[in-house]
1. Evaluate the relative contact order of the chain (contact order divided by residue number), counting alpha-carbon pairs under 8 angstrom at least 6 apart; express in whole percent.
2. Amide H neighbours of Glu13 under 5 Å, counting only residues 5+ apart in sequence or on other chains, H built in-plane at 1.01 Å?
3. So what's the angle, to the nearest 10 degrees on a 0 to 90 scale, between helix 23-53 and the longest Cα principal axis of the chain?
4. Can you list residues from other chains, or at least 5 along the same chain, whose modelled amide H is less than 5 Å from the amide H of Ser93?
5. Report the rotationally averaged projected area of the range 72-138 based on its alpha-carbon convex hull, in square nanometres.
6. With a probe of 1.4 Å, find how much accessible area the chain has per residue, and write the answer as a whole number in Å².
7. Can you tell me the length gained on complete extension of the stretch Ser20 to Met166, counting 0.36 nm per residue apart and subtracting the Cα distance?
8. Please tell me the relative contact order of the range 105-220 in percent, rounded to the nearest whole number, where contacts are Cα pairs under 8 Å and at least six residues apart.
Amino acid sequence: MENLEGNYTRVNEFLLAALSPSWQSQAALFVVFLLVYTATLAGNTLIMLTVTSDPRLSTPMYFLLGNLSFLDLCYSTVTAPKMLMDFLVEKRSISFDACMAQLFFLHFVGAAEMFLLTIMAYDRYVAICKPLHYPNIMNRQLCSWLVAASWTGGFIHSTVQTILTMRLPFCGPNQVDNFFCDVPPVIKLACTDTYVIELLMVSNSGLISSSCFVILVTSYATILVRIRSPEGRRKALNVCASHLTVVTLFFGPCIFIYARPFSTFSVDKLVSVLYNIITPMLNPLIYTLRNKDVKSAMRKLRSRETISGGKVDM
């Protein structure tokens, strides 16, 4: 413990919760989540390589998709490696500074992904509803600025969340009711009334997640309403289906966790596993299984690697 001003002492470390009480189930979960994390790294890296290596995919849509894969990779890496190590040890501890760092990067990347998904919805709206003006509106320079803006927005949001959390006094208990450091379970451990802080954080995180979700749903609904023909609407729905699936998997859990007062439910840890570990793995599958261009580019990339790997030096 470190002495703070007044009668408080600050905890030096937090103890993280276990996903399972028995050693046997912990070992089994280690294997499962190691496979999931490996698939996340491989899938998102493959998407990025495919998008950057194929000239046919040098469009705003695939530029944004490549950035989404990078964010998914980062998002999973914030929590997965530490969680995997904790499966193999009895004491699942994390230092105070490391906990704050994990909390910061979690909200940094998570908020950036929310903004990026909103940008991707706008990209699809312009492409489908204003196809003649699409090349002029969604040019590469604008896309780069929009991606930079999403990162900047995530940084600002995360900085606010982290500063509000770090300023609270933590004098015990130090058991976080989750497998990683996040705002809701951490501030519950503060040795002071956190009602006002919770309102500020719910207003911050809840407003971002809810407003982005409303914009996304409105954008896709507008696309379907503006297209009159059944055939055109079917094609538009097919194009937007992958986006809607990703939006539902990502925003649903986030709104459940952050857009309500920070009361604890037993299902919170399972929801956290879904949007931190499972969703980043599913996103590459969702986009590639429904996208003929990406699948074709992946086959081309694999053929190119096979040919180069099969060459024999003379």
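1. Numbers: 358 pairs, mean separation 80.2, N = 314.
Worked out over the chain, it gives 26 percent.
2. Answer set, sorted by chain and number: Phe96.
3. 40
4. For Ser93, the qualifying residues are Leu16.
5. Numbers: hull surface 23.6 nm².
Taking the Cα atoms of the range 72-138, their convex hull projects to 5.9 nm² on average.
6. Numbers: 15570 Å² over 314 residues.
Using a 1.4 Å probe on heavy atoms only, each residue of the chain averages 50 Å².
7. Working: separation 146, 0.36 × 146 = 52.56 nm, distance 2.91 nm.
Between Ser20 and Met166, full extension yields 49.6 nm more.
8. Numbers: 89 pairs, mean separation 41.6, N = 116.
Dividing the mean separation by the residue count of the range 105-220 yields 36 percent.
The values are calculated or read from the model by the stated rules, or taken from the named source; none is laboratory data. This one's a predicted model, so the numbers in the text were calculated from it and none came from an experiment. Please note: Cβ atoms are built from the backbone with ideal geometry, for glycine as well, and neighbour counts cover all protein chains shown. Quick note on the areas: whole protein, heavy atoms, side chains included, nothing else; ligands and nucleic acids left out. Shrake-Rupley method; radii C 1.70, N 1.55, O 1.52, S 1.80 Å.
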